[in-house]
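Engineer: Mind having a look at this structure? Questions to follow.
The values are calculated or read from the model by the stated rules, or taken from the named source; none is laboratory data. Predicted model, so just to flag it, every value in this text is computed and none were measured. Don't worry about glycine lacking a Cβ; one is built from the backbone with ideal geometry, like all the others, and counts go over all protein chains shown. SASA here: full protein model, heavy atoms, side chains in, ligands and nucleic acids out. Shrake-Rupley method; radii C 1.70, N 1.55, O 1.52, S 1.80 Å.
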Protein chains: 2
Amino acid sequence: MNNLSPDTDTDTDTDTDTDTDTDKAFLRQAIRLAVTSVHNGGGPFGAVIVINGEVVASAGNQVTLNCDPTAHAEVEAIRMAARALGDPHLPDATLYASCEPCPMCLAAAHWAHIPRIVFAAPQETANQAGFADGNIAEQLYGQTHPVRPQRLGLCQIDVEDPAAPFTAWHLKHDRQAY
Amino acid sequence: MNNLSPDTDTDTDTDTDTDTDTDKAFLRQAIRLAVTSVHNGGGPFGAVIVINGEVVASAGNQVTLNCDPTAHAEVEAIRMAARALGDPHLPDATLYASCEPCPMCLAAAHWAHIPRIVFAAPQETANQAGFADGNIAEQLYGQTHPVRPQRLGLCQIDVEDPAAPFTAWHLKHDRQAY
């Protein structure tokens with residue numbers, strides 16, 4: 001867990017190890033979704049929403065498939081979870097994302113009252129693959145990253161091969177860029 | 001038109017007057033949608049998307065009605081326009097919003113390649129009515145407003161009674177806060 005880990009974590013070491021193992025399992029699921037999304041013609045991003053240890057929603061990026069510029073994996077998963085639970089607020093949820101969320105997805109999570117967001121690949125990996133995430137945050141607010149990630153519950157956790165979705169993306173010759 | 005007007009405007013005075021009249025007409029439509037949204041049980045926000053002088057999509061805030069925390073008026077209108085046009089990118093569109101867009105909506109417009117965003121009420125009006133727009137931008141990026149509005153094509157235009165949707169909101173005793 002890198003230095004973006006939440007400063008609110010007061011677990012014991014053992015609990016933290018368990019939490020990290022659980023987090024890694026859900027992150028791997030988000031990464032698998034992102035790879036599957038590419039194979040299905042979507043963008044190389046995946047997201048999973050977990051409440052009390054249960055996956056309540058998961059999605060890949062649907063921008064080109066649904067012709068919806070807002071259909072990022074995180075937004076799709078948030079919409080799905082809110083609908084499933086019958087509440088636009090998800091104060092007990094953790095959002096797992098294969099890649100650092102863009103400003104739209106971060107703000108969506110914040111509107112949904114999601115207190116914890118865990119991601120695998122840093123934004124720079126998406127930028128290198130041709131996505132404009134960091135550029136958009138910079139253009140909007142003069143910052144490429146959130147200024148107080150701890151307060152947002154924003155946390156990067158290292159797992160194996162977080163760039164796998166982008167590798168799949170570049171290997172897909174008929175990919176639809178957006 | 002206040003100092004958020006785009007610095008790319010090279011029209012003559014007459015053309016600018018005409019543009020402003022057109023802009024004001026679409027802004028009034030967005031405000032009417034926002035008031036109607038309140039009466040229909042939605043939030044006090046409205047948005048209209050215009051391409052070549054034609055309205056291609058319009059929406060009110062649907063957060064509580066659709067149980068979707070991302071269903072801000074601007075996001076709903078962007079989704080609707082992209083679907084109608086069969087393209088996630090809207091490079092010829094202007095987005096008219098009854099109120100200054102939040103970070104989620106601004107980023108959504110940016111992902112949709114919308115080059116011009118015109119709004120009526122400033123964010124502070126929403127904040128005073130109990131909405132967290134400025135707070136979210138500040139929490140995410142340490143800025144309550146975009147740092148270079150001109151480059152985003154973000155422009156406030158004065159019309160009569162931009163706070164009408166919020167007045168309707170406060171008068172609605174059975175409003176569902178979110």
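Engineer: According to a simple spin-label model (label point 7 Å from Cα along Cα-to-Cβ), what is the distance in nm between B:H89 and B:T36?
Structural biologist: Each label point is offset 7 Å from its Cα along the Cβ direction, giving 3.2 nm.
Engineer: Still on this model: What are the nm distances, shortest first, from B:N40 to its equivalents in the other copies, labels at 7 Å along Cα→Cβ?
Structural biologist: Distances to the matching label points in the other copies: 3.0 nm.
Engineer: Provide the buried accessible surface between chains B and A in square angstrom, both chains summed, 1.4 Å probe, rounded to the nearest 100.
Structural biologist: The contact between A and B buries close to 3700 Å².
Engineer: What does the helix-only formula give at 222 nm for the protein assembly as shown: each DSSP H stretch with n ≥ 4 adding -39500 (n - 2.57), the total divided by the residues, and the result rounded to the nearest 500 deg cm²/dmol?
Structural biologist: Mean residue ellipticity at 222 nm (helix-derived): -13000 deg cm²/dmol.
Engineer: Taking a probe of 1.4 Å, how large is the accessible area per residue of region A:87-178, in Å²?
Structural biologist: Dividing the accessible area of region A:87-178 by its residue count gives 38 Å².
Engineer: Taking amide H positions as placed 1.01 Å from N in the peptide plane, with prolines and chain starts having none, which residues 5 or more places from A:A57, or on another chain, fall under 5 Å of its amide H?
Structural biologist: Sorted by chain and number, the residues that satisfy this are A:I49.
Engineer: Computed FRET efficiency, Cβ-Cβ of A:N52 and A:Q150, R0 25 Å: what is it to the nearest 0.05?
Structural biologist: The pair A:N52/A:Q150 has a calculated efficiency of 0.60.
Engineer: Placing the label point 7 Å from Cα along the Cα-to-Cβ direction, what are the distances from A:D161 to the equivalent spots in the other copies, shortest first, in nm to one decimal?
Structural biologist: Output for A:D161: 6.2 nm, nearest copy listed first.
Engineer: Next question. Taking H as built 1.01 Å from N, whose amide H comes closer than 5 Å to the amide H of A:F119, not counting residues under 5 places away?
Structural biologist: For A:F119, whose amide H was placed from the backbone, the distant partners under 5 Å are A:A97, A:C155, A:Q156, A:I157.
Engineer: Among DSSP beta bridges lying fully in the protein assembly as shown, give the percent that are antiparallel, nearest 5.
Structural biologist: Around 60 percent of the beta bridges assigned by DSSP in the protein assembly as shown are antiparallel ones.
Engineer: Between region A:88-147 and region A:158-178, what is the C-alpha centre distance in whole Å?
Structural biologist: 18 Å
Engineer: Over region B:14-114, what is the relative contact order in percent, taking alpha-carbon pairs closer than 8 angstrom and at least six residues apart?
Structural biologist: 25 percent
Engineer: For region B:67-92, state which residues have at least 50 Å² less accessible area in the presence of all protein chains than in their chain by itself, taking the probe as 1.4 Å and leaving out ligands, DNA and RNA.
Structural biologist: Those residues are B:C67, B:P69, B:R79, B:P88.
Engineer: Same structure, new question: Using mean Cβ contacts within 10 Å as the protection proxy, how do B:44-56, B:149-161, A:67-79 order, highest first?
Structural biologist: Descending mean neighbour count gives A:67-79, B:44-56, B:149-161.
Engineer: In straight Cα distance, which lysines are under 29 Å from B:K172, not counting same-chain residues fewer than 8 positions off?
Structural biologist: Candidates past the 8-residue exclusion: B:K24.
Engineer: Do me a favour and compute the ellipsoid semi-axes for the protein assembly as shown from its Cα gyration tensor, root of five times each eigenvalue, largest one first, whole Å.
Structural biologist: Its equivalent ellipsoid spans semi-axes of 34, 22, 18 Å.
Engineer: Between B and A, which B residue has the Cβ nearest their rotation axis, distance in Å?
Structural biologist: Chain B residue with minimal Cβ-axis distance: B:Y141, 2.
Engineer: Measuring label to label, 7 Å along Cα→Cβ, what does A:A132 give against each other copy in nm, shortest first?
Structural biologist: Here A:A132 shows inter-copy label distances of 2.8 nm.
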